[in-house]
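The values are calculated or read from the model by the stated rules, or taken from the named source; none is laboratory data. Not measured: the values here are computed from a predicted model. Note: ideal-geometry Cβ built from the backbone for every residue, glycine included; neighbour counts use all protein chains shown.
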Amino acid sequence: MTVSYLHLRPETLLPDLAVRPFRAVIVPDESVSELWRKQVTVWLVDKGCLYACAWGVDCEAWHDSVDRAHLETFDYGAEHCAQPHSIQYYCIKQRVMEQI
């Protein structure tokens, strides 16, 4: 498995990704607009993200946005969500990490 790091600046163009499928760790260090968050999460799902984990600033909003992008992409199909390659989402809160 190859690990790659991609740093996205808020409100910039999203690059093409050649790796499919992949997993993503979203670690925002600042708040972004809801529109930007939606664009990024739709892009992640569209590019083949199988698993997304969010930690950091507004992680709950990122979690919800990835969830909505997945549901919209697959037309809210419950049959897809039961498949083994469904996207799974987790939000790790800062206070939990501080307790470790």
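A few notes on this one:
- Test: residue 28 is part of a loop (DSSP other than H, G, I, E, B), surrounded by 15 or more Cβ atoms within 10 Å (Cβ to Cβ) and in contact with a Phe, Trp or Tyr (Cβ under 9 Å, 6 or more places away or on another chain): yes
- Residue 90 within 10 Å of the chain's Cα centre (by Cα), exposed (fewer than 14 other Cβ atoms within 10 Å of the Cβ), among the aromatic types (Phe, Trp, Tyr) and modelled with pLDDT under 90: yes
- In segment 36-48, the qualifying residues are those that are crowded, with 21+ Cβ neighbours inside 10 Å and of a type outside the set (Val, Ile, Thr), and the one that is nearest to residue 24 (Cα to Cα) is 44.
- Qualifying residue in segment 26-35 (condition: over 10 Å from the mean Cα position of the chain (by Cα), modelled with pLDDT under 90 and over 19 Å from residue 72 (Cβ atoms)): no
- Between 37, 9, the distinction of being out of contact with any Lys or Arg (no Cβ under 9 Å at 6 or more places or on another chain), not in a loop (DSSP other than H, G, I, E, B) and not hydrophobic (A, V, I, L, M, F, W, C) belongs to 37 only.
- Under the condition of being assigned to a loop (DSSP other than H, G, I, E, B) and not acidic (Asp, Glu), the residues counted in segment 12-25 number 9.
- Residue, surrounded by the fewest Cβ atoms within 10 Å (Cβ to Cβ), within segment 49-80, restricted to residues that are more than 11 Å from the chain's Cα centre (by Cα) and not in a helix (DSSP H, G or I): 75
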